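The values are calculated or read from the model by the stated rules, or taken from the named source; none is laboratory data. Here the structure is a predicted model, which is why all the values come from computation and not from measurement. Cβ placement follows ideal geometry from the backbone for every residue including glycine, while neighbour counts extend to all protein chains displayed. What goes into the accessible areas is simple: the full protein's heavy atoms, side chains included, and nothing from ligands, DNA or RNA. Shrake-Rupley method; radii C 1.70, N 1.55, O 1.52, S 1.80 Å.
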Amino acid sequence: MPRSRQYEDQIREDLGLMYLTGVSTRTLSLITHRLVGRRLSHEEVSKANLTLTEGVEKWRNRDLSKESVKYLFLDGVTFAMRIGRGIEKVPVLVAIGVTEVGHKLVLGLQSGDKESAGSWREFFRDLKRRGLESTKVTLGIMDGLPGLEKVFQEEFPQAKTQRCQVHVARNVLAKVPRKQKKTMVDDLRSIFYASTKAKALEFYERFQKDWQTECPSAVKCLGNSIDSCLTFFSFPQEEWISLRTTNIIERLNKEFKRRTKPMEIVAGENSCYRLLAFISLKMELAWRSTPLGKVNANLPFFQQIAEKEFTQNC
């Protein structure tokens with residue numbers, strides 16, 4: 001080994017992988033005595049992680065032209081991040097794409113103000129510069145962040161928008177007295193989980209009549225979002241369960257938070273991207289076995305196996 005090097009590249013890679021999987025830099029510095037014969041400081045471990053940055057950036061800026069994306073799930077997640085000598089709350093914009101065959105992919109991670117229409121516009125344009133075909137995107141699922149819906153429709157003019165029903169319900173229930181919340185929850189569920197759009201609109205008209213006098217603010221709140229809440233009815237029924245809410249991207253953001261919680265403070269933007277990219281790739285592996293929608297499409301395969309190997313022929 002060169003005199004300036006104190007351990008092999010493979011050990012450096014192992015340190016980086018252990019860090020990504022959840023081992024803190026301080027914990028790694030305690031166990032490196034057995035690996036390299038001396039205890040590395042947590043600063044040295046952090047430097048070892050820098051070797052991953054190039055690969056992460058290639059993944060974040062990869063070509064999307066070969067991905068036929070039809071749906072986009074959009075959200076932002078905020079981290080406490082070290083910027084210079086201070087600590088700031090930095091939002092990261094996240095987009096999950098769903099392909100024509102139902103596979104889910106993390107398309108983009110980019111720091112930016114999630115409340116800013118300009119940040120979202122630049123985020124969408126970056127996705128298109130990387131090859132995302134805007135004409136193939138038919139639906140955007142979002143939670144109603146200010147300005148997001150308008151910018152999405154401008155950048156993807158052929159797509160519709162679906163507001164997350166969970167977020168809308170929370171906003172509506174926030175304007176209802178506690179004693180009446182349970183009854184209103186049942187009425188909202190009747191609207192959102194109706195068998196057809198016509199039936200949902202029928203339940204909505206009944207909702208207006210029943211609650212206009214007692215809770216006019218809640219009725220107005222729902223009225224502002226009702227059209228966007230029912231967009232999913234225009235798409236295949238087996239996908240309704242996934243298109244109603246932003247649960248798919250909320251689950252990803254939950255994993256982001258779970259990994260970064262022990263750290264309390266993320267050591268800069270590049271460090272944040274390294275962690276989020278690793279978690280995203282792990283989630284994509286899990287998603288391969290769960291395409292968007294119900295599992296009915298997989299059932300014939302299992303039925304065939306059952307008939308051949310487990311069913312007794314009389």
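Cβ-Cβ below 8 Å, separation at least six or inter-chain, first residue in the stretch 58-72 and open to solvent by less than 80 Å² (accessible area, probe 1.4 Å), second polar (S, T, N, Q) and not in a strand (DSSP E or B): which pairs?
That search, which allows pairs on different chains as well, returns K70/T138; Y71/T138.
Please determine whether any residue of the stretch 239-254 is among the small types (G, A, S) and surrounded by fewer than 20 Cβ atoms within 10 Å (Cβ to Cβ). I'd like the intermediate steps shown before the answer.
Just the residues of the stretch 239-254 that are among the small types (G, A, S), to begin with: 242.
Within this subset, residues satisfying the condition of being surrounded by fewer than 20 Cβ atoms within 10 Å (Cβ to Cβ) are none.
Checked against the condition, which is being among the small types (G, A, S) and surrounded by fewer than 20 Cβ atoms within 10 Å (Cβ to Cβ), the stretch 239-254 yields no hits at all.
In the stretch 165-191, how many are open to solvent by less than 50 Å² (accessible area, probe 1.4 Å) and not in a helix (DSSP H, G or I)?
1
What about V77, is it among the hydrophobic types (A, V, I, L, M, F, W, C), in contact with a Phe, Trp or Tyr (Cβ under 7 Å, 6 or more places away or on another chain), part of a strand (DSSP E or B) and more than 21 Å from G140 (Cα to Cα)?
Criteria not met by V77.
Only one residue in F232, F256, F278 is among the hydrophobic types (A, V, I, L, M, F, W, C), modelled with pLDDT of 95 or more and under 24 Å from G108 (Cα atoms), so which one is that?
Values: F256 fails: modelled with pLDDT of 95 or more; F278 fails: modelled with pLDDT of 95 or more.
Of F232, F256, F278, the one residue that is among the hydrophobic types (A, V, I, L, M, F, W, C), modelled with pLDDT of 95 or more and under 24 Å from G108 (Cα atoms) is F232.
Quick one: count up the residues across the stretch 155-177 that are closer than 21 Å to K220 by Cβ and out of contact with any Ser or Thr (no Cβ under 7 Å at 6 or more places or on another chain). Outline the logic, then answer.
Kept after step one, since they are closer than 21 Å to K220 by Cβ, are these residues of the stretch 155-177: 161-177.
Adding the requirement that they be out of contact with any Ser or Thr (no Cβ under 7 Å at 6 or more places or on another chain) leaves 167, 169-174, 176-177.
The total comes to 9.
State the number of residues belonging to the stretch 220-238 that are over 30 Å from K179 (Cα atoms), in a helix (DSSP H, G or I) and open to solvent by 10 Å² or more (accessible area, probe 1.4 Å). Please lay out each step first, then the result.
Here is the first cut: in the stretch 220-238, the residues over 30 Å from K179 (Cα atoms) are 231-238.
Within this subset, residues satisfying the condition of being in a helix (DSSP H, G or I) are 231-234, 237-238.
Pick out the ones that are also open to solvent by 10 Å² or more (accessible area, probe 1.4 Å) and you get 231, 233-234, 237-238.
Result for the stretch 220-238: 5.
I'd like the full set of residues that are farther than 21 Å from I265 by Cα, surrounded by fewer than 17 Cβ atoms within 10 Å (Cβ to Cβ) and without any contact (Cβ under 8 Å) to a residue 40 or more places away in the chain, limited to the stretch 100-116.
Selection gives E100, E115.
So which residues in the stretch 139-164 are β-branched (V, I, T) and either open to solvent by 50 Å² or more (accessible area, probe 1.4 Å) or farther than 24 Å from N61 by Cα (or both), if there are any at all?
Our first condition is that a residue be β-branched (V, I, T); within the stretch 139-164, this holds for 141, 151, 161.
Correct list: T161 only.
Looking at (1) under 19 Å from the mean Cα position of the chain (by Cα); (2) within 25 Å of T53 (Cβ to Cβ); (3) surrounded by fewer than 20 Cβ atoms within 10 Å (Cβ to Cβ), which is the only condition L275 fails?
L275 satisfies every listed condition except (3).
Quick one: in the stretch 84-94, of everything that is surrounded by fewer than 13 Cβ atoms within 10 Å (Cβ to Cβ) and under 20 Å from S116 (Cα atoms), which residue is modelled with the highest pLDDT?
So the first thing to find is which residues in the stretch 84-94 are surrounded by fewer than 13 Cβ atoms within 10 Å (Cβ to Cβ), and the list is 84-86, 88-89.
Still in the list and also under 20 Å from S116 (Cα atoms): 88-89.
Working: E88: 86, K89: 89.
Selected residue: K89.
Residues of the stretch 244-256 being touching a strand residue (DSSP E or B) at 6+ places or on another chain (Cβ under 6 Å) and in a helix (DSSP H, G or I), which ones?
Kept after step one, since they are touching a strand residue (DSSP E or B) at 6+ places or on another chain (Cβ under 6 Å), are these residues of the stretch 244-256: 246, 248-249, 253, 256.
Correct list: I248, I249, N253, F256.
Name the residue that is most open to solvent (accessible area, probe 1.4 Å), counting only residues in the stretch 192-214 that are more than 23 Å from A159 (Cβ to Cβ), of a type in the set (S, T, N, Q) and outside any helix (DSSP H, G or I). Don't jump to the end; show me each part of the working.
Our first condition is that a residue be more than 23 Å from A159 (Cβ to Cβ); within the stretch 192-214, this holds for 193-195, 198-199, 202-214.
Going one step further and asking which of them are of a type in the set (S, T, N, Q), we end up with 195, 208, 212-213.
With outside any helix (DSSP H, G or I) added as a condition, the list becomes 195, 212-213.
Details: S195: 81, Q212: 90, T213: 125 Å².
Restricting to residues being more than 23 Å from A159 (Cβ to Cβ), of a type in the set (S, T, N, Q) and outside any helix (DSSP H, G or I), the top hit is T213.
Please enumerate the residues belonging to the stretch 201-223 that are within 16 Å of Q165 (Cβ to Cβ) and among the hydroxyl-bearing types (S, T, Y). Outline the logic, then answer.
From the stretch 201-223, those within 16 Å of Q165 (Cβ to Cβ) are 201, 203-204, 207, 218, 221-223; that's our starting set.
Of everything in the stretch 201-223, just one residue is within 16 Å of Q165 (Cβ to Cβ) and among the hydroxyl-bearing types (S, T, Y), namely Y204.
Here's the yes/no breakdown for (1) among the hydroxyl-bearing types (S, T, Y); (2) modelled with pLDDT of 90 or more:
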| site | (1), (2) |
| --- | --- |
| P236 | no, yes |
| E239 | no, yes |
| T260 | yes, no |
| A267 | no, no |
| Y273 | yes, no |
| S289 | yes, no |
| A306 | no, no |
| F310 | no, no |
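Given the conditions (1) within 26 Å of G140 (Cβ to Cβ); (2) assigned to a helix (DSSP H, G or I), report the number of the one that S217 does not fulfil.
So S217 meets the others, but not (1).
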